[in-house]
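Engineer: Mind looking over this structure? Questions follow.
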């Protein structure tokens, strides 16, 4: 047991200090990583978790925690971004600023690094009267705003900035729902897309979040209201899209709604930005959709020329009655599709895998992993017209029907008809993505993002 500890500010830490107590607010946190170890002292699965601690406007330090999988998971679940914590008896190490490790952790003011090993150091909640002071540091930018480059400048100079880090001060213009992704090696990951703009260009810039803490916090970001100061974004090549882009990496630190007067000015400068993603495959959170349109207004919008690109696309709320739902398979139109869990391609009924030669399940390198999803066609009607063939698929379909795919498969046709009449002729709140035709795809797509009976919405 430790008989005494010595309170230390981050800027006063030295390698030879014992029994230190450092208080600070967690400003960024990384996903837990697990690994197998063959050590004769600690065999089995081990885990590591890293976060960054801040105790003043100027002072920050990185912290790494090592231990058993259960120990690390409990700590990670207990202490999130915004928590004010006490780090007791951590090992103080020199931070190797040799370039090799720089890209794997945020740049901090301290030349040291705190290491917590299970059984020899502690993290606990700090609940003293000065807690509020630490919490305000969450909204203090990591750097002077003068370091931020305008998006227009970055976009013009992408090639010359290749593999360099830049700071951006911008407002959120779009936030997607979180998405579950299966990697090629079979790992299940969660991500969220969002876009920003700073008023210096008509273009929005898209980012992906992979760290679960930021995915959780970004659920509360509001388009045209939430402002972010993002330090140390990497300018690099997006290998999938084959173009230069800005990327959030482990060095990046995000400050939400910085407490600076420039934030309000920024919000006003992006009021005219359309709050939908320019990537039609990235879907918004239904609760962030605010615009209400009739079917007539949707049709009129579709007949306008697109302002950017070659496709009209928008999201809207439509109050309409459901007039038809296909609840039985017909030739050439299955209501339950089989997809590859890795590449998401549809699998034909007479095949076992996706047959995609770039996918491990399709080229035979691993056993096929298939999932089943709804693919329903719905007709909608309001007092101004009809929308025919709207698509209700995946999770939105399960939520609208209050029924999982497995439960649906076990139903008789009579039970399916009963499920259908739960929505037929009911007035519904429909959140919908509309994708206009293109030269290569001449049909309009109506993708339903959520569908609820109006009385259910009002009861919530």
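All of the numbers you see were taken from the coordinates with simple rules; none came from a lab. Source: prediction; values computed, not measured. In this analysis, Cβ positions are derived from the backbone assuming ideal geometry, glycine residues included, and neighbour counts consider all displayed protein chains.
Engineer: Rounded to the nearest 0.05, what FRET efficiency is calculated for residue 203 and residue 143 with R0 set to 25 Å and r the Cβ-Cβ distance? It would help to have the intermediate numbers written out before the result.
Structural biologist: Numbers: r = 24 Å, r/R0 = 0.96.
That gives a FRET efficiency of 0.55.
Engineer: Shape of region 6-137 from its Cα gyration tensor (a ≥ b ≥ c, root eigenvalues): rounded if a/c is under 1.5, otherwise prolate when a/b > b/c, or oblate? Walk me through the intermediate numbers first.
Structural biologist: On the way: a/c = 1.60, a/b = 1.37, b/c = 1.17.
Prolate.
Engineer: Note down the nm distance, to one decimal, between modelled labels 7 Å out along Cα→Cβ at residue 336 and at residue 427.
Structural biologist: Placing both labels 7 Å along Cα→Cβ, they lie 3.5 nm apart.
Engineer: Follow-up. Under Stokes-Einstein, with the Kirkwood radius over Cα pairs standing in for Rh, what whole-number D in µm²/s applies to region 145-274 at 10 °C and 1.306 mPa s? Intermediate values should be presented prior to the final figure.
Structural biologist: Working: Rh = 15.2 Å.
This corresponds to a translational diffusion coefficient of 104 µm²/s.
Engineer: Separate question: Can you give the calculated 222 nm mean residue ellipticity of the chain, where each DSSP H run of n ≥ 4 adds -39,500 (n - 2.57) and the sum is split over every residue, rounded to the nearest 500 deg cm²/dmol?
Structural biologist: Working: 10 runs with 72 residues, N = 460.
Helices in the chain give a 222 nm mean residue ellipticity of -4000 deg cm²/dmol.
Engineer: Expressed in nm to one decimal, what extension gain is obtained for the pair residue 45 and residue 388 from 0.36 nm per residue of sequence separation less their Cα-Cα distance? Write down the numbers at each step before the final one.
Structural biologist: Details: separation 343, 0.36 × 343 = 123.48 nm, distance 5.37 nm.
Once the chain is fully extended between residue 45 and residue 388, it gains 118.1 nm.
Engineer: What FRET efficiency, computed as 1/(1 + (r/R0)^6) with R0 = 51 Å and r the Cβ-Cβ distance, is obtained for residue 118 and residue 348, rounded to the nearest 0.05? Can you show the working numbers first?
Structural biologist: Details: r = 51 Å, r/R0 = 0.99.
For residue 118 and residue 348, the calculated efficiency is 0.50.
Engineer: Further question: How far apart, in nm, are the 7 Å Cα→Cβ label points at residue 157 and residue 189?
Structural biologist: Taking the two extended label points, one gets 3.0 nm.
Engineer: Could I ask something else about it? Roughly speaking, what % of Cα-Cα pairs in region 349-459 are separated by over 25 Å, rounded to a whole number?
Structural biologist: Working: 2472 of 6105 pairs.
Percentage above 25 Å: 40.
Engineer: Moving on. Taking only the alpha carbons of region 310-376, what extent do you get along each of the three principal axes, in Å, biggest first?
Structural biologist: 48, 34, 19
Engineer: Could you sort 60-67, 199-206, 230-237 so that the peptide with the highest average Cβ count within 10 Å comes first and the rest follow in order? Mind showing how you got there, number by number?
Structural biologist: Details: 60-67: 21.6, 199-206: 17.5, 230-237: 19.5.
Going from most to least packed, we get 60-67, 230-237, 199-206.
Engineer: Find the Rg to Rh ratio for region 389-433, where Rh is the Kirkwood radius over alpha-carbon pairs and Rg uses the same atoms.
Structural biologist: Details: Rg = 11.2 Å, Rh = 11.6 Å.
We get a ratio of 0.97 for region 389-433.
Engineer: Quick one: go through region 168-211 and flag any residue whose amide nitrogen is under 15 Å from the point 7 Å out along the Cα-to-Cβ line of residue 271.
Structural biologist: Taking a point 7 Å out along Cα→Cβ of residue 271, the residues of region 168-211 whose backbone N falls under 15 Å are 199.
Engineer: Considering the values (i) -0.23, -1.23; (ii) -0.34, -1.29; (iii) -0.55, -1.20, which represents log10 I(q)/I(0) by the Debye sum over Cα atoms at q = 0.06, 0.13 Å⁻¹ as calculated for the structure under consideration?
Structural biologist: Correct label is (ii).
Engineer: Sort 353-359, 409-415 by the packing proxy (mean of other Cβ within 10 Å over each peptide's residues), most packed first.
Structural biologist: On the way: 353-359: 16.4, 409-415: 10.0.
Final packing ranking: 353-359, 409-415.
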